[in-house]
Amino acid sequence: MFGLKSLFARSKPIQYSSYVIVLALIVASKLYPDANTATGIKQSNDPSLAATVEPTRSIVTTIDRVVDGDTLIAGGISYRIASIDAPEKDQPFGEEATAFLRGLVSDTQVTIIDRGKDRYGRLIADASINGISLAELMIENGFAWSYMVPTVELENTLSQLQDKARAGGVGLWADPDPIRPSIYRELKHAANNQ
């Protein structure tokens, strides 16, 4: 019978190391079938999110202040709404996006699920009112673009809402050629550095 012992006996020392590594990986995959890393920590493919996609904190609260179309302050903590990028305040539709978000969250309870920090150190959160996602409402009404979406399912949902808003000329889509906030910020930064 041809067994592992005879296989290893015929192998060069470097090949023996390779077999041990492969065997260890197979065993690890059986012990940790859902793990993306050797530590078993599940990681998101979204580079803007922290290492975990599990909520670190969930609160139901009123909003102290709306900073802009994608940033809220609750309990003295600033949260950037996950998966959207709204126009900057000094950008076309920036004030409208801010006013729309303010109207959504005024005098109502908002559920905030802290999703960790992005690569800039900002707190990212899913936010909803009565179970309805603020990200979806902002995109559906033409006041934000989908941005750094962590799952394919959510990306599909937000893309459909964005396509529908664009086709209907809703909100910022009333402009035939709106500028994404990320591009607007780059252009503004380049102009300021000249």
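The values are calculated or read from the model by the stated rules, or taken from the named source; none is laboratory data. Everything quoted here is computed from the prediction, not taken from an experiment. Counting neighbours? That spans all protein chains shown, and the Cβs are built from the backbone with ideal geometry, glycine included. When the accessible area is computed, the model is the full protein with side chains, heavy atoms only, and any ligands, DNA or RNA have been set aside. Shrake-Rupley method; radii C 1.70, N 1.55, O 1.52, S 1.80 Å.
Just a few scattered comments:
- Candidates A97, A50 - the one that is open to solvent by less than 30 Å² (accessible area, probe 1.4 Å) and either in contact with a Gly (Cβ under 6 Å, 6 or more places away or on another chain) or at pLDDT below 95 (or both): A97
- Restricting attention to the stretch 169-194, the residues being loosely packed, with under 12 Cβ neighbours inside 10 Å and assigned to a loop (DSSP other than H, G, I, E, B) number 4.
- Annotation note: of G131, G103, the sole residue that is of a type in the set (G, A, S) and closer than 25 Å to N156 by Cα is G131.
- Of all residues assigned to the stretch 135-153, none qualifies as being polar (S, T, N, Q), under 22 Å from D64 (Cα atoms) and not in a strand (DSSP E or B).
- Residues of the stretch 143-168 that are touching a residue at least 40 places away in the same chain (Cβ under 8 Å) and under 23 Å from K89 (Cα atoms): F143, A144, W145, S146, Y147, M148, V149, L158.
- Taking (1) open to solvent by 70 Å² or more (accessible area, probe 1.4 Å); (2) modelled with pLDDT of 95 or more; (3) touching a Pro at 6+ places or on another chain (Cβ under 8 Å) in turn, R119 satisfies each apart from (2).
- Sub-6 Å Cβ pairs linking a first residue in the stretch 121-133 that is under 13 Å from L72 (Cα atoms) to a second residue that is open to solvent by 40 Å² or more (accessible area, probe 1.4 Å) and of a type in the set (S, T, N, Q), at least 6 apart or interchain, are S128/T111, ordered by first then second residue.
- Within the stretch 89-132, the residues that satisfy the criterion of being part of a strand (DSSP E or B) and under 14 Å from I59 (Cβ atoms) are V110, T111, I112, I113, D114, R115, L123, A125, D126, A127, S128, I129.
- Check on I139, more than 22 Å from I183 (Cα to Cα) and either touching a strand residue (DSSP E or B) at 6+ places or on another chain (Cβ under 8 Å) or exposed (fewer than 14 other Cβ atoms within 10 Å of the Cβ) (or both): no
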